[in-house]
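Shown next, in structure tokens, is the structure this report addresses.
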Amino acid sequence: MKIISIVSGKGGVGKSSFTASLALVLSRKFKIVAADCDVDAPNLALLLGVRRLEKTERVSTRYKAFANRRAARCRNLAEICAFSAISWNERKRMPEINRFLCEGCGACKLACPQGITLKRVKNAVIGEAKTKYNFRLVSGMLVVGESGSGNIVELVKQRARKIAENLGADFILLDSSPGIGCPVIASLRESDYAVGITEPTQTALSDLKRVLEVARHFEIPHGIVINKYDLNPKVSEAIESYAGENRIPLLGRLPYDAKFVEAAVNMLPVVAYETRYERMFLGIWNRIHRELKRSRRHAET
Ligand code: SF4
């Protein structure tokens, strides 16, 4: 079983829309499981026409500090908290903790063991669904205002892996978060291949370079897909030069087309909305597959 992560660096370049179509094309030839690891803003389910997740579970990967009356003796707690989560409530004459700012580091508990309790909090919901395209989807969603998205991605991946093992699946497709932080690293970890999606803007190219640097650091083979390549030929050329200079395979180019938007409005992957895209996505998949095989051979020698 191979894990393929779809990353982008910059948000809004069409990563989830790409993942939805690639998953559909792949599911016609292989057993796959898709996982939405963009736990801050998950929308892969919607792009696959899933309105409601099943088997949802509230999960906890974080602690929060809570103050009791005995914390009244610890007037200096606000100075101890590096996250500015503690203030002194003059009316109650005790420290007050802002739960949205608390990172659960435990420093206040060390300073005031009697007055502070650390408790586990449910900071995300994970669920799954059988899509109408005959593959299962796992999706994670951070509770609003909570933190710990990297750990949540780990739990999403664990659940996807369990389902994939039970099904004897060939591939797990991960729709990662934008950026280069914890949730992206958690998605990339253990991946066999990373597909970097970008669009022809300088900001998207700059962010793509950053996320592919992360992939390179973890020695994960990777390639590039340029979305809406025809909107700005000059920057598309710059992306291709970057790929060539760094020996990164260019896996494909997708044109700008209002059909992508229409498909999303109708909660459909574009390959299910406009059949001419099927060949294009199949071509991209064949290149990914070839690269995967090449990297496997390279790892074995
Ligand atoms: S656990 Fe850490 S972040 Fe939370 S209130 Fe205490 S010191 Fe601040």
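Quick check for me: using +1 on Lys/Arg Cβ and -1 on Asp/Glu Cβ, what's the dipole size of the chain about its Cα centre, in debye to the nearest 20?
Here the chain has a charge dipole of around 1160 debye.
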- DSSP beta bridge pairing in the chain, given as percent antiparallel to the nearest 5: 45 percent
- Message: Please give the charge dipole size of segment 62-121, origin at the Cα centre, charges +1 on K and R Cβ atoms and -1 on D and E Cβ atoms. Round to the nearest 20 debye.
- Response: 340 debye
- Item | Unit charges on C-beta of K, R, D, E only; dipole of segment 47-182, Debye | 700 debye
- Two-site label geometry, Arg294 and Ala111: point separation in nm, points 7 Å out along Cα→Cβ: 5.5 nm
- Note on the structure: Rounded to 0.05, the calculated FRET efficiency for the beta carbons of Lys31 and Ala258 at R₀ = 30 Å is 0.35
- Listed by chain and number, the residues whose amide H is under 5 Å from that of Ser8, excluding neighbours fewer than 5 places away on the same chain and using placed H, are Gly179, Ile197
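What does the net charge come to around Val13 if you take all other residues with beta carbon closer than 9 Å to its beta carbon, with K and R at +1 and D and E at -1?
+1
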- Message: Could you compute the net charge surrounding Ile220? Neighbours are other residues with a C-beta less than 10 Å from the C-beta of Ile220; K and R count +1, D and E count -1.
- Response: -1
- Query: Which is the longest stretch in the chain that no exposed loop site breaks, taking sites as trypsin sites (Lys or Arg not before Pro) with a DSSP loop state and at most 10 other Cβ atoms within 10 Å?
  - Reply: 94-246
- Extension length gain for Arg216 and Arg99 (0.36 nm per residue less Cα distance), in nm, is 38.4 nm
- Note on the structure: Taking the dipole of the chain about the Cα centre (Lys, Arg +1; Asp, Glu -1; charges at Cβ), the one of Leu118, Pro255, Pro221 that reaches farthest to the positive side is Leu118
- Those cysteines in the chain that have no second cysteine Cβ within a distance under 4.7 Å are Cys37, Cys81, Cys102, Cys105, Cys108, Cys182
- Message: In the chain, if the dipole is taken from +1 on Lys/Arg beta carbons and -1 on Asp/Glu beta carbons about the Cα centre, which of Ala164, Ala272, Leu208 is farthest to the positive end?
- Response: Ala164
- Item | Inter-label distance, nm, simple model (7 Å from Cα along the C-beta direction), Arg276/Phe83 | 5.1 nm
- Task: Just subtract the alpha-carbon distance of Phe66 and Leu250 from 0.36 nm times their residue separation and send over the number in nm, one decimal.
- Result: 61.1 nm
- What net charge do the residues around Arg279 carry, taking every other residue with its C-beta under 15 Å from that of Arg279, with Lys and Arg at +1 and Asp and Glu at -1? +3
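No lab work stands behind these numbers, since they all come straight from the coordinates. Keep in mind it's a predicted model, so treat the numbers as computed, not measured. Here the Cβ is made from the backbone with ideal geometry for all residues, glycine too, and neighbour counts use every protein chain on show.
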